[in-house]
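Here is the structure we will look at, set down as structure tokens.
The values are calculated or read from the model by the stated rules, or taken from the named source; none is laboratory data. Note that the structure is a prediction, hence the values are computed from the model and not measured. Here Cβ is always computed from backbone atoms with ideal geometry, including for glycine, and neighbour counts include all displayed protein chains.
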Amino acid sequence: MASLFDALGFKCEECGNDGDDETQGYKVVEQRHLCPTCARNLASAILADMSHAAIKWPCPQHESKEVELLCCKCKVAVCHTCALTTHHGHQMQDIEKFFAEKREIVKKDVEEISAKQNETQSFLDKIESCSREMDGHFIDIKEKVSVTFQTKSQDQKERNTVQVAKVNAEAEELIRQINEKRRMELAEINEQYDNEHETLVKDRDRVLAELKVIVDIVCRMTAEAKASAETTGEELESTAAVAKSIMVDCDGKTFHKKVAKYHEMGMDKLPCLDHDHLDKLSTVAKKIRFKRVDDEQKIGLLTGKNASFEMVKTVNISSDIQEPFLLGAIDEQTVVFRNGNGSALYSVNVKSGSMETLLTDKKTRGIWDLAVLPDKGFVYSDYNAGLLQFCDRDGNDERSLALPNDESRFAFLTVDRKGKLLAASHNSGEIHVSDPETGSHLRTINDIECKPMMGIGTLANGDIIIRSGNSDICRIFRATGEVKMKFPLADWSRRLNFHVGADDMIYVTYRTGLNQDYIGFVSLLSPNGDMRREKVIEFPTSYLYRYHPRCVVPVPGTVIILNGNALLVYKEIPGVYDLLS
């Protein structure tokens, strides 16, 4: 049985609406089905009429009786008979009291809805007012932006016009000055050329006139000699001798003087090529070849104002080689090094990373120091044999050389720019110069006031660079052994190493640090000992390495550093200042 509060679908009997959202209602007065809107309107009307009588419904089960109670359990209106029969034991509520409570609730809902409507209307009015204000504000901003844009645009156009006019005026003045300078220089060159040409013509005419006189004399004397020769053979021979002496005298003295005078007055004044400028261009072209984008590119890249070094490759050496010690470079790509005790010698190609064993099974200190013989091989000092051993590029022995007083054992080696082999002895403090081709000992430089340590190098002018003591690097004049200067490097490190490059720059490698934190550096000194570029290369190193980092410079612009069991390859990147200088 349908109750008063069942939510069933129906068609509103007041407005006829049968939509999905508006067809859920309940039974009201006189069993009419109403939608929620019509029900609210009817409720409002009922509340407005305070004298309205209570609404009565006939009982669905007993039509002769009216409902007076509400079954709270079944949610239906019943009469007293139903309450005592079918709804016996259920909780009942007086229907008039129920509707009075519901009427109060509906009244409060209507009041809240009315208040919300007023609040909503006030909010809409405020929104409308703000919208009108915003529209006016936007219009004002738009007008201001338009005026500002027009003003800025006009100012920008005027500034542009002024700047263009200024640039044009400066360009025209510069062009005028260039044209004026060009006209004056051309006039000066033409005048100089006319003067020199006039002098040259005069000298030519004078020399030709003198030459003609000489030729006439020779011809006359020759004719006379021939005439005399026709008489007798003796006279002919005498005349020929006289003619030859005259020719020699003319060619050797008079003619030579005339030609020399002509050359001094004419040829020396002719313009010649600016070879210095050409050399500078060649130097610049060589500088910017060091950093290559690929193997085929010849001209590289300039980055920044100052030159710098960039690490381009790391080549790891087998950990089986204990304490490797860098000795030199055979060519641009290949370096040689020995193990810590000097019993084996190795080569590494830094381009391919391949390593070869050149010498092995040597006794301890069998390889003390090494110098590369360009395009021939290398020579090393053998501590045990007390000899300088010469080898080809593959490490095959060719010959040996003994130095005076058995000084080959602790000899530090290098080859100067003329191909001579220099051996600096730590024990005696002497430098022996030998010819590697013949093996002959040429001379000894003694009394050099210090004892070489950890290397030797030479400059293009013949000066010798050695390290003396734990810190200083000395520069020694080759011919006399006089110590020309000492480079004050004591603040850098107790044990530093150096290499003299083909560009005569001195590359000093060292490390500094405290406890377990060490940093390696490479600084560049000029041939005169001036600091050119300090700490151009910086790399992490370790205090565990017995030997400090060492470097070689196979070609200017490439620095290869042995740091522990790794080769670090750095390439120089020239800067703008290199071109300016």
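For segment 524-541, state whether one or more residues are in a strand (DSSP E or B), closer than 17 Å to Gly455 by Cα, assigned by TED's automatic domain parsing to the domain that holds Phe337 and in contact with a strand residue (DSSP E or B) (Cβ under 8 Å, 6 or more places away or on another chain).
So far as segment 524-541 goes, yes, one or more of its residues are in a strand (DSSP E or B), closer than 17 Å to Gly455 by Cα, assigned by TED's automatic domain parsing to the domain that holds Phe337 and in contact with a strand residue (DSSP E or B) (Cβ under 8 Å, 6 or more places away or on another chain).
Scanning for something assigned to a strand (DSSP E or B), at pLDDT 90 or above, β-branched (Val, Ile, Thr) and surrounded by 21 or more Cβ atoms within 10 Å (Cβ to Cβ), does segment 369-382 turn up at least one residue?
yes
Return the residue satisfying two criteria in turn: it lies in segment 331-340 and is in contact (Cβ under 8 Å) with a residue 24 or more places away in the chain and under 18 Å from Trp368 (Cβ atoms), and of such residues it is nearest to the chain's Cα centre (by Cα).
Among those that are in contact (Cβ under 8 Å) with a residue 24 or more places away in the chain and under 18 Å from Trp368 (Cβ atoms), it is Val335.
Examine segment 68-82 for a residue that is assigned to a loop (DSSP other than H, G, I, E, B), closer than 14 Å to Trp57 by Cβ and either acidic (Asp, Glu) or modelled with pLDDT under 85 (or both), and state whether such a residue exists.
Taking every residue of segment 68-82 in turn, at least one turns out to be assigned to a loop (DSSP other than H, G, I, E, B), closer than 14 Å to Trp57 by Cβ and either acidic (Asp, Glu) or modelled with pLDDT under 85 (or both).
Residues in segment 118-140: is at least one aliphatic (A, V, I, L, M) and under 30 Å from Cys38 (Cα atoms)?
There is at least one residue in segment 118-140 that is aliphatic (A, V, I, L, M) and under 30 Å from Cys38 (Cα atoms).
Quickly run through segment 537-552 and pick out the residues that are over 24 Å from the mean Cα position of the chain (by Cα) and loosely packed, with under 15 Cβ neighbours inside 10 Å.
Within segment 537-552, Ser542, Tyr543, Leu544, Arg546 meet the criteria.
Evaluate the following for Lys56: is it at pLDDT 70 or above, surrounded by fewer than 16 Cβ atoms within 10 Å (Cβ to Cβ) and among the charged types (D, E, K, R)?
no
Quick one: which residue in Ser343, Ser352 is without any contact (Cβ under 8 Å) to a residue 24 or more places away in the chain and either more than 18 Å from Thr558 (Cα to Cα) or part of a loop (DSSP other than H, G, I, E, B) (or both)?
Ser352
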